[in-house]
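The values are calculated or read from the model by the stated rules, or taken from the named source; none is laboratory data. Note that this is a predicted model, so its numbers are computed, not measured. Methodologically, a virtual Cβ is constructed for each residue, glycine included, from the backbone with ideal geometry; neighbour enumeration extends over all protein chains shown. Note: areas computed on protein heavy atoms with side chains; ligands, DNA, RNA excluded. Shrake-Rupley method; radii C 1.70, N 1.55, O 1.52, S 1.80 Å.
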Amino acid sequence: MKSYDIAVIPGDGTGPEVIREAIKALEAAAAKHEFRLQFTHYDFGGDRFLRTGEALPDSALEELRRFPAILLGAIGHPEVKPGILEKGILLRIRFELEQYINLRPVKLYDERFCPLKGKKPEDIDFVVVRENNEGLYTGAGGLVFKGTPHEVAIQESVNTRRGVERCLRFAFDYARNRRARSPWKGLKPEEVAAGKKAQLTLCGKTNVLTYAFDLWERAFHEIGEADYPEVKRDYAHVDATTMWFVKNPEWFDVIVTDNMFGDIITDLGAMIQGGMGIAAGGNINPQGTSMFEPIGGSAPKYTGKGVINPLAAICAGQMMLEYLGEKEAAAAIERAVIGVVRNKLKDLAAGRMGYSTSEVGDLVAEAI
Ligand code: IPM
Ligand code: MN
């Protein structure tokens, strides 16, 4: 029987309780589809940091590299200064394991949970490919004359041709394969007749960030024209993108963007798909170890109350199975999630689901 070794970092706050439900769903899918998952738990997070003074031991990275995938709950602790755990654990893993893609599907499962008037599941079904290793996140820059009246803060956006190109290529490949790969979004006959094809939108700010997005835009068209003629190329400024997310989300298929813009637009994306209770993402190294996570935070005030929606973590597990090549098991999880969202839950928000965290996990596992 096929077997996969998975590292699990439940992390802080409500991370452990949602990860428990994700594992429940993953085990149900594995049993049904005849493969095994071996989970190895790591206690990285705020509590360990407060105990040991170390966010992530160096040896951890070497250890994590041996797994095909990591499942992460949440990082963030009320007693630890903001930035320490985020940089020391989450960003460090993303960077050092070269998870250069942050893949964030935005998919509405039930019209009831969309805050936009009149938008239906078929209108909100796109994917954001966020560059995950560069941009404003590298930490390049610094403070000079700190604490004086003429203090200067510089935070630089790093965009390398190599980094941009590998991200764009991933996005083009993804756009080209998305419909074929996704059993839930086949083109409708009328769409085929209308000549609809895979579309990749570059989201940038070419009118102001004339160095960074000059590189992005040139690379986008060069690569697209040479290697992906079947993918329609489209461009939107980031500010306009947020406008279209609200007004015409049906225009999007796949969006590619830099690290900072991707961070911002995917929170908006999460809201239009029903909120943080359902939004998941994958930090992908196509040749190495990838890490899957619900994109909401550690929600410390809800810890242990059993009110957090575990579906985002379960969907992270689903993305992980898809990445591992267990497409049918992944599809089974998604079908189960859709069923639970449509037929059982009153709301997707914490405390308003009509079920506890573990009951939602049970419903999904039973449906699988
Ligand atoms: C996310 C988060 C992180 C980010 C933070 C916690 C560093 O907001 O995964 O989107 O900015 O990437
Ligand atoms: Mn974010």
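Points worth noting:
- The modelled label-to-label distance for the pair Lys301/Arg161, using points 7 Å beyond Cα in the direction of Cβ, is 5.0 nm.
- Nearest-20 debye value, the range 89-163 charge dipole, Cβ charges on Lys, Arg, Asp, Glu: 100 debye
- For the range 1-74: rounded, prolate or oblate by the Cα gyration tensor [a/c cutoff 1.5]: oblate
- When only the Cβ of Lys, Arg, Asp and Glu is charged (+1, +1, -1, -1), the dipole of the chain relative to its Cα centre reaches about 660 debye.
- In nm, spacing of pseudo-spin labels at Glu225 and Lys81 (7 Å Cα→C-beta vector): 5.0 nm
- Comparing Ile223, Ile295, Ile255 in a Gaussian network model of the chain (Cα springs below 10 Å), the most mobile by mean-square fluctuation is Ile223.
- Taking a ≥ b ≥ c as the square roots of the eigenvalues of the Cα gyration tensor, the range 243-292 is prolate, since a/c reaches 1.5 or more and a/b is larger than b/c.
- Volume per residue for the chain equals 155 cubic angstrom (convex hull of Cα atoms).
- Stretch gain in nm, segment Thr52-Asn207, where the contour uses 0.36 nm per residue and the Cα spacing is subtracted: 51.1 nm
- Distance from the alpha carbon centroid of the range 200-218 to that of the range 100-177 works out to 13 angstrom.
- Cα gyration tensor category, rounded, prolate or oblate, for the range 282-368 with a/c compared to 1.5: oblate
- Looking at the chain, the accessible area is 44 square angstrom per residue; that uses a 1.4 Å probe and ignores ligands, DNA and RNA.
- The distance between label points at Glu96 and Val144 comes to 3.1 nm (points 7 Å beyond Cα on the Cα→Cβ vector).
- Dipole of the chain, positive direction: furthest Cα of Asn102, Tyr211, Gly288, with charges on the beta-carbon: Asn102
- Between Pro78, Pro115, Pro149, the GNM of the chain built on Cα springs shorter than 10 angstrom shows Pro149 fluctuating the most.
- Compared with the alpha-carbon gap, the fully stretched path from Glu34 to Asn248 is longer by 72.9 nm at 0.36 nm per residue.
- The distance separating the Cα centre of the range 352-368 from that of the range 34-65 comes to 27 Å.
- Percent of Cα pairs exceeding the 28 Å cut-off, where the set is the range 25-158: 43 percent
- Rounded percent of accessible protein surface that carbon and sulfur make up, the chain, 1.4 Å probe: 53 percent
- Charge dipole magnitude, Cβ of K and R +1, D and E -1 - the range 1-40, Cα centre, debye nearest 20: 200 debye
- Sum of -39500 (n - 2.57) over DSSP H runs of 4+, divided by residues of the chain (222 nm, nearest 500): -12500 deg cm²/dmol
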